[in-house]
Amino acid sequence: MPKIIGLTYDLKEDWKFQPGDPKDANAELDTVKTIDSIASAIETGGHQVKRIGNVYNLLNQIDHLGVDIVFNIAEGHWGRNRESQVPVILEMKQIPFVGSDGLALGITLDKIIGKKCFIADGIPTPRYFEVREGDDLKKLNAIGFPLIVKPRFEGSSKGLSKNSRVIDYPGLQQQADLINRQYKQGALVEEFIKGTEFTVGVIGNKHPFAMPVVQVKIEGKLNLGDDFYTFSRLLQPDLVEYICPADIPEGLSNKLKDLAVRAYRSVECSDFGRVDFRVDEKGNPFVLEINPLPCLSREDVFFFAAKALGITYEDMINRILDFGLERHGLSDEKVKNCKVADVV
Ligand SMILES: Nc1ncnc2c1ncn2[C@@H]1O[C@H](COP(=O)(O)OP(=O)(O)OP(=O)(O)O)[C@@H](O)[C@H]1O
Ligand SMILES: [Mg+2]
């Protein structure tokens, strides 16, 4: 039976820049093109799509939504619970939705809370400390240098520039101040992992499935060493390439996939997610973070892995939808028969 699928999302163009906003303030939000791609993929699966939009639109329509399930990719605008707002409202109204719940989205958007889960579950993640305004850096830094300074609860490489890797106290102070003042949050300071970078997509629920490992190549280099992904690199897609499947020993690939599934389970993701890694020069992997709302644009890294499995964009979107439908007991044979079901 075709279903009516609501779509919740935040558009880049809905962000009204205020004086003092960092230039990357709307970086996590989606483009109309991405929403069009998701909607047409869902329609290809035989369903009808109802575009709801952001949390305010959802609130206005909440008592007459008229959908069977909501496919949620809304990033939200404010605070560390911003990604949790749409799922929590849907949960409150007992409206089924695709994707992780408010708790998983909150835990993972705040990278420090996410890391605490990883540490409790024995999943390797870089050592860290947090810097808030007025903190004494020398008392906090038991790691040494080099370090990387990031915002505690932002994504899409927001707040990351080439200055984010710091090698001394003046550099650390400057970057921590920038995060504290411009992004109005604690600075997450991690040991800098010199080496290579990978990302692994995970889909499913009872038996989460890790997709083929994607390696990140920056400015033609696979061995990144001291290089890393910054916001300005994100704006110049030509500088970054994705290799999938990554040309790495099977042992490392299996280790990364295993850790990706463990991280997904650790924070209790649902339906889909993506785990980012650095691997040091000795071959030790470290989970940097998990994204339960990875970008679902056709060009994004999540679909590189799908392509390597021979799965089309349309089939992958419908498989994610199907995981949500199954979880809520709403699945039917027509959906189950989509091609990707043979693979995962
Ligand atoms: N501890 C680290 N050591 C080395 N490089 C790091 C470290 N932490 C982050 N980076 C670099 O910074 C990039 C962004 O970091 P991270 O994945 O933690 O944040 P994000 O902004 O949420 O990411 P995304 O762009 O995937 O949303 C990483 O892809 C990596 O290149
Ligand atoms: Mg990341």
Go ahead and run the numbers for FRET between Gln48 and Glu268, Cβ-Cβ distance against an R0 of 25 Å, rounding to 0.05. 0.25
So how tilted is helix 313-327 from the main axis of the chain? Cα-based, degrees 0 to 90, rounded to 10. 80 degrees
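Subtracting the Cα-Cα distance from 0.36 nm times the residue separation, let me have the gained length for Phe145 to Leu65 in nm, one decimal.
Details: separation 80, 0.36 × 80 = 28.80 nm, distance 5.26 nm.
Fully extending the segment from Phe145 to Leu65 adds 23.5 nm.
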Let's see if you can work this out: charge +1 on each Lys and Arg Cβ, -1 on each Asp and Glu Cβ, no other charges. What is the dipole magnitude of the chain about its Cα centre, in debye to the nearest 20? 420 debye
Which of the aspartates and glutamates could be linked to Lys206 by a straight reach, that is with a Cα gap under 17 Å, when you skip same-chain ones fewer than 8 residues away? Asp101, Asp258, Glu268, Asp271, Asp322, Glu326, Asp342
Of His328, Ala306, Leu259, farthest towards positive along the dipole that unit charges on Lys, Arg, Asp, Glu beta carbons give the range 247-338: Leu259
Below 18 Å, Cα to Cα, which aspartates and glutamates can Lys217 reach? Residues fewer than 8 away in the same chain don't count. Glu197, Asp226, Asp227, Asp238, Glu241, Asp247, Asp276, Asp280, Glu281, Glu299, Asp300
Note to self, the chain gives a 222 nm [θ] from helices alone (DSSP H runs n ≥ 4, -39500 (n - 2.57) apiece, / all residues, nearest 500) of -9000 deg cm²/dmol
Suppose each label sits 7 Å from its Cα in the direction of the beta carbon; what would the Lys16-Leu235 distance come out to in nanometres? 2.4 nm
Checked against the positive end of the charge dipole of the chain (+1 on Cβ of Lys and Arg, -1 on Cβ of Asp and Glu, about the Cα centre), the farthest of Ile167, Gln185, Val86 is Ile167
Which aspartates and glutamates have a Cα less than 12 Å from the Cα of Lys50, not counting those fewer than 8 places away in the same chain? Asp36, Asp68
For Val213, other-chain or 5+-apart residues with amide H closer than 5 Å (H placed, Pro excluded) are Ala246
Mind checking the log10 I(q)/I(0) for the chain at q = 0.13 Å⁻¹? Debye, one equal scatterer per Cα, no solvent, two decimals. -1.01
Whether the range 195-342 is rounded, prolate or oblate, judged on the alpha carbon gyration tensor where a/c under 1.5 counts as rounded: prolate
Global geometry of the range 215-291, whether rounded, prolate or oblate, following the gyration tensor of its Cα atoms and the 1.5 cut on a/c: oblate
Just add up the charged neighbours of Leu7: K/R +1, D/E -1, any other residue whose Cβ is under 9 Å from the Cβ of Leu7. +2
Show the residues, 5+ positions off or on another chain, whose built amide H is closer than 5 Å to the amide H of Val49. Ile5
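Could you tell me which of rounded, prolate or oblate describes the range 4-99, using a ≥ b ≥ c as the square roots of the eigenvalues of the alpha-carbon gyration tensor, with rounded for a/c under 1.5 and, failing that, prolate when a/b is larger than b/c and oblate otherwise?
oblate
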With respect to the cross-link table entries Lys139/Lys162; Lys162/Lys255; Lys23/Lys162, which display a Cα-Cα separation exceeding 20 Å? Lys139/Lys162; Lys162/Lys255
Hey, quick one: spin label on Asn57, modelled 7 Å out along Cα-Cβ, who in the range 1-33 has an amide N within reach, i.e. under 14 Å? 5-15, 30-33
Taking 0.36 nm per intervening residue step and subtracting the Cα-Cα distance, what contour gain separates Arg132 from Asn81 on full extension? 16.4 nm
Val98 long-range amide H proximity, modeled H, under 5 Å: Val70, Phe71, Asn72
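Values quoted throughout were computed directly from the atomic coordinates according to the rules given, and no laboratory measurement underlies them. Because the structure is predicted, anything quoted here is derived from the model rather than measured. When we count neighbours, we look across all protein chains shown, and the Cβ atoms used for this are built from the backbone with ideal geometry, even at glycine.
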